[in-house]
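See structure below.
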8 protein chains.
Amino acid sequence: MNNASPMVSIVMGSTSDLDVMKKAADLLEQMQIPFEIKVISAHRTPELLHEYTANLSERGIKVIIAGAGGAAHLPGVIAGQTTLPVIGVPVKASISIDGWDSILSILQMPPGVPVATVGLDAARNAAILAVQILALYDEDINKRLQEYKAGQKDKVYNAAQTLEKLDYKYMVK
Amino acid sequence: MNNASPMVSIVMGSTSDLDVMKKAADLLEQMQIPFEIKVISAHRTPELLHEYTANLSERGIKVIIAGAGGAAHLPGVIAGQTTLPVIGVPVKASISIDGWDSILSILQMPPGVPVATVGLDAARNAAILAVQILALYDEDINKRLQEYKAGQKDKVYNAAQTLEKLDYKYMVK
Amino acid sequence: MNNASPMVSIVMGSTSDLDVMKKAADLLEQMQIPFEIKVISAHRTPELLHEYTANLSERGIKVIIAGAGGAAHLPGVIAGQTTLPVIGVPVKASISIDGWDSILSILQMPPGVPVATVGLDAARNAAILAVQILALYDEDINKRLQEYKAGQKDKVYNAAQTLEKLDYKYMVK
Amino acid sequence: MNNASPMVSIVMGSTSDLDVMKKAADLLEQMQIPFEIKVISAHRTPELLHEYTANLSERGIKVIIAGAGGAAHLPGVIAGQTTLPVIGVPVKASISIDGWDSILSILQMPPGVPVATVGLDAARNAAILAVQILALYDEDINKRLQEYKAGQKDKVYNAAQTLEKLDYKYMVK
Amino acid sequence: MNNASPMVSIVMGSTSDLDVMKKAADLLEQMQIPFEIKVISAHRTPELLHEYTANLSERGIKVIIAGAGGAAHLPGVIAGQTTLPVIGVPVKASISIDGWDSILSILQMPPGVPVATVGLDAARNAAILAVQILALYDEDINKRLQEYKAGQKDKVYNAAQTLEKLDYKYMVK
Amino acid sequence: MNNASPMVSIVMGSTSDLDVMKKAADLLEQMQIPFEIKVISAHRTPELLHEYTANLSERGIKVIIAGAGGAAHLPGVIAGQTTLPVIGVPVKASISIDGWDSILSILQMPPGVPVATVGLDAARNAAILAVQILALYDEDINKRLQEYKAGQKDKVYNAAQTLEKLDYKYMVK
Amino acid sequence: MNNASPMVSIVMGSTSDLDVMKKAADLLEQMQIPFEIKVISAHRTPELLHEYTANLSERGIKVIIAGAGGAAHLPGVIAGQTTLPVIGVPVKASISIDGWDSILSILQMPPGVPVATVGLDAARNAAILAVQILALYDEDINKRLQEYKAGQKDKVYNAAQTLEKLDYKYMVK
Amino acid sequence: MNNASPMVSIVMGSTSDLDVMKKAADLLEQMQIPFEIKVISAHRTPELLHEYTANLSERGIKVIIAGAGGAAHLPGVIAGQTTLPVIGVPVKASISIDGWDSILSILQMPPGVPVATVGLDAARNAAILAVQILALYDEDINKRLQEYKAGQKDKVYNAAQTLEKLDYKYMVK
């Protein structure tokens, strides 16, 4: 448990999205960003959502990561109730049509109310995007972000070792 | 202007949807169903929407027809704020992706919050569906509905006249 | 077995749709709405369908829930034979193309013959929509509907307990 | 006007499909196949359709060409009411979703009730397919069909003349 | 083994399509229609295909059923080499994109060269369509076809027994 | 001309995207955010892009808005060369497949390299998102953002006047 | 007219594809590559195609560029009749379904028979690809290719002039 | 291990694509073409990619086969950095949307920068295409290619044996 003021809010409409959305939490944990995580439904608990979005900024939250599947209204509805940047994660729900429904429901927001949409089920990328935004004004976070990015490069470099093991006569190493 | 209590509410998120949604009004007018028509945005005026949906039932409204394009949240958000049946009209907006976005955003609602979706830009059909619901308990409306349906048959029968004019040597009339 | 007059008719074209369509029956059972359930094919038993739709209204039925997969004609064909509201459930059949075929075959009905389409495999939502229509004129049903909706809210509220169990150092609770 | 017994029936649900479906009539005329052409709606005049399909075979009709747009049920519904081969023409209606709706509504028929589907708006090809079926047992029709096919080859050969006119320095003729 | 002259030819491009295409053979066997079945590739053995299509008609074949997956050229290429009706079965190959590739490659044939396309993997329906064509001029086949169709109706009627077993308090039987 | 250090960079791959991307510039101008606008191609001038992205942060730029059509690599390639947040605008190019190509090429970025994607041709929304990010740490910008949002509400409220002009007998005002 | 042996063959199935395919000829002309251009249909003139593909290699042709729309079989059928590399251009025909049909018919070739597919209507890119292949073994062609690529860079650099003309107060130049 | 200069380079963005891309290596091995295989990411190691593409031609490489999934930029980005022909393999990644994302990201390249795209996961076909290009100027490789193609024909001919085993009474052998 952490007593710091959360900087990022992770919101989903139902616990069925938790498996996907936990990847956002994992990344924020790894990057040492205080966050909170909530289940609030745009359709079943609209008043609760209203209450929740009313003072996000006052509570120190900078970025909201909202995930939803099917007719995925949650990110867009939140974006209508706050001027904080909202990152939308289209979740491929079990009732989904190959993910197209959640992608289009989040991406195609009307003029004036953008949602920063990431790829299907890409909650981890949503969290990285949140960190990139926070890093703009926080040197510590920026440092951790640069290290994270460097680590990604290393993974690619290390792949050479996997390829070394390939056994082809006509492969030139 | 009409002083009767409206039975149907037509709602859209912006006047850019009016060309499509007017077809619902036209049909209700023709069927002599008192209705009201509103522009309320789920994203830009969420409080107004909340207020509006709070007492629909008390005001005598039985059915809501809601149209929206793109990431079309309006019908679903209304469905989350009332237990009246909501008929959703996917509008092919200018920013739309061939209409898929509005169709999927309205159709694929989560468990517990259905929207009765009709075809793309099919506001007229939405109004007919509303009349079918009202006709369940109103004999006058039902009578007008039966007449309307009979009129549709006539149109098909009358098409024979168009075909008579075709001039083919091998066509058997 | 129940001797009351059924208020809702659940129709499907084949028993292969029963697994999906039973979810409509489950919800109606839970809401104490008398219903009947039939297998009638628009293509293989068109006369049976004709007979069946001829006196639905006289038998007290108010709403039809029709489910079908593939080239899903059943809901639309029924809608052409009655003026009762027809709710269409696109079923993702084993021969389906990701569900697109049943969705479009049900949704895109021609002018004058609407089908109230719900999401893919969303038979439960179809039943809720039916209940919303019945509740317009039946206070008892309306009361049960309000309780059902309240129960949905509770589920969202209870999700907080699931989140409590998450174990992150940087998560603020 | 022609008094021969028609061999092919062209059916559409509304005169709005006539522009497309006339191309089938044109081809049959050219191939000297007696045909009839009808507007009958599967949804608005189901009884008329029933009547019409009841004695097609007795009246000497061998093949039905049925065109429809949107949720295009007409070809499939006819296929359920006759054992004559039904050729379906998906029409790209004005309310269509890029033609996907009519294609899938016609193509994806359930087991036991096939529709011979041709390409979008391809009424001419539907008529050629009808002629190919008739030619199986009618030597005269077959002869005309072979001539028609030979004529198609000629068109391709004649295209060389168009290419002759191209003026490129590096083009080898 | 059968020495009668085959009336229907079933062709596929590779044995990987055999599981699907066998359903056509099963139906023809059940309907007592002599048929042959071949693996010929439009791409890998074009000369063999040319040879094969050259004398189909002379050998007494009336209808070709051709199945293919992916960029499914086989049905269309055959249709270019014969004037017999070709029924195309889009096979959902393992390399397929949800079946769209084979459907569109078979359906969207150019003017003058139609393929009678059936649903995805619907080889059984292809065979029924073939039987419907043969039945136009063969009373024996027609009789078996009528019996087959009647059997389909029975299956729907028998479904009532499945429904009898459903145990709901509010279900009216 | 402006001498302030730019806070936002608008980049596109070709001047053919300028009509869409200018809407981002218009919004930034209206919100008084210093910006720069560049044409740099990920494919045709990769070295120029490398140079450009090398010192964005040092030059004071906080957010990049990158638009591209077709196989729209520009936003993602930039995101691979900087840790600043990149907002991607899928442009519906003339060679585009209904916009699907640019949407998917921008949205579906691999793990570790997110792009904040907005709707098709939604350059204006991209700019609003950029302002929302800048407003997190700049009270002046935040104030202008709040005013902008309030103005949007007013537009919805003013729509009532358009509706007043509708002339229906059964419309309740 | 040119008497050199053609190195590239441009083939299309009908003159209706000429408007698109001429862009390939334009590029080859510009790059001074001798080419020939033919209309041959895989479906209507299969024997002609067979003849044509039989001695391509002997005639000095190195690469074939084949364009087709709808169920676009031409490139794949040619690829089955030669081992020369075949570049396929999906043409968005007037009967096309947004280009998906031609793309998938060309792209999804079976194992062993690849077609090098380029973008929709991208005949110019097909020609560039052909030049890239020819340049592998021809220093002159390679030199012209390098110049062409350099020219492309210049176009991007020159775009700066267009941007100079933009008139924004907050734009930093 | 092989010391010859590699003629083909196989590149992928991550080892998660190795299962698919190994099929290209298998084919090159079988055809005795010296090749190299690399993991380089367009997004995570852009500098490495730049270095790698800088001297491909000098090192004797003639063709690049690049595979990627999701927003698959690797083939296109390489094509922007070399004038060697680049063959793109759309990989159906686990985060993919049925493969559409990788197909469109690779296929729809802008004017001037073509990628020779093959089918989804079709790395083997990519390698055959590479061999077809190499065979244009290398008689040994061409000989092996002709043998490979002949072997493919044999597989189709041998399929007859599988069909012999089918046991149908009405099947004519």
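Miscellaneous remarks
- Of the residues making up segment F:138-169, just one is over 18 Å from B:Val39 (Cα atoms) and more than 27 Å from the chain's Cα centre (by Cα), namely F:Lys169.
- Matching residues in segment D:38-74 - criterion: being out of contact with any Ser or Thr (no Cβ under 8 Å at 6 or more places or on another chain) and within 19 Å of D:Ala93 (Cβ to Cβ): D:Ile40, D:Ala42, D:His43, D:Arg44, D:Thr45, D:Ala66, D:Gly67
- Residue in segment D:49-68 that is without any contact (Cβ under 8 Å) to a residue 60 or more places away in the chain, part of a loop (DSSP other than H, G, I, E, B) and hydroxyl-bearing (Ser, Thr, Tyr) present: yes
- For segment D:40-59, the criterion of being crowded, with 24+ Cβ neighbours inside 10 Å, under 22 Å from E:Leu104 (Cβ atoms) and in contact with a helix residue (DSSP H, G or I) (Cβ under 7 Å, 6 or more places away or on another chain) is satisfied by no residue at all.
- Inspection of segment D:73-82 identifies at least one residue that is touching a strand residue (DSSP E or B) at 6+ places or on another chain (Cβ under 9 Å), of a type outside the set (Gly, Ala, Ser) and more than 15 Å from D:Ser105 (Cα to Cα).
- Scanning segment F:15-39 for residues that are part of a helix (DSSP H, G or I) and within 14 Å of chain H (Cβ to nearest Cβ), we see that the one that is surrounded by the most Cβ atoms within 10 Å (Cβ to Cβ) is F:Asp17.
- Flag for F:Pro85 being more than 8 Å from every other protein chain (Cβ to nearest Cβ), modelled with pLDDT of 95 or more and surrounded by 21 or more Cβ atoms within 10 Å (Cβ to Cβ): no
- Some residue of segment B:124-138 being facing chain A (nearest Cβ under 9 Å), at pLDDT 95 or above, buried (at least 22 other Cβ atoms within 10 Å of the Cβ) and touching a strand residue (DSSP E or B) at 6+ places or on another chain (Cβ under 9 Å): no
- Residue selection: B:Thr45 satisfies the criterion of being of a type in the set (Ser, Thr, Tyr), over 22 Å from C:Pro85 (Cβ atoms) and over 15 Å from the mean Cα position of the chain (by Cα).
- For segment A:100-116, the set of residues classified as touching a strand residue (DSSP E or B) at 6+ places or on another chain (Cβ under 6 Å) and either hydrophobic (A, V, I, L, M, F, W, C) or surrounded by fewer than 24 Cβ atoms within 10 Å (Cβ to Cβ) (or both) consists of A:Ile103, A:Ile106, A:Leu107, A:Val115, A:Ala116, listed by residue number.
- Any hit, segment B:151-171, residues being within 28 Å of D:Leu49 (Cβ to Cβ), away from chain C (no Cβ under 11 Å), in contact with an Asp or Glu (Cβ under 6 Å, 6 or more places away or on another chain) and not charged (D, E, K, R): yes
- Listed by position, the helices (runs of 4 or more DSSP H) inside segment D:69-149 whose residues that are within 22 Å of E:Ile61 (Cβ to Cβ) and free of Cβ contacts under 8 Å to residues at least 60 places away in the same chain number at least 3 are D:123-135.
- Filter result for the condition that a residue is at pLDDT 95 or above, touching a helix residue (DSSP H, G or I) at 6+ places or on another chain (Cβ under 9 Å) and more than 14 Å from chain C (Cβ to nearest Cβ), over D:Gln146, D:Gln108: D:Gln146
- Flag if B:Ala4 is surrounded by fewer than 23 Cβ atoms within 10 Å (Cβ to Cβ) and either facing another protein chain (nearest Cβ under 7 Å) or in a helix (DSSP H, G or I) (or both): yes
- Every pair of residues 6+ apart whose Cβ atoms lie under 6 Å, when the first sits in segment C:1-27 and is within 22 Å of C:Ser94 (Cα to Cα) while the second is modelled with pLDDT under 95 and not small (Gly, Ala, Ser): C:Thr15/E:Thr162
- Test for D:Met12: is it surrounded by 21 or more Cβ atoms within 10 Å (Cβ to Cβ), away from chain C (no Cβ under 14 Å) and in contact with a helix residue (DSSP H, G or I) (Cβ under 9 Å, 6 or more places away or on another chain): no
- Of all the criteria given as (1) at pLDDT 95 or above; (2) facing chain H (nearest Cβ under 9 Å); (3) touching a Leu at 6+ places or on another chain (Cβ under 9 Å), the one not satisfied by F:Ser96 is (1).
- Any hit, segment B:47-63, residues being at positive phi and at pLDDT 95 or above: yes
The values are calculated or read from the model by the stated rules, or taken from the named source; none is laboratory data. Predicted model only: the values in this text are computed from it and were never measured. Using ideal geometry, Cβ is built from the backbone for each residue, glycine included, and neighbour counts are taken over all protein chains shown.
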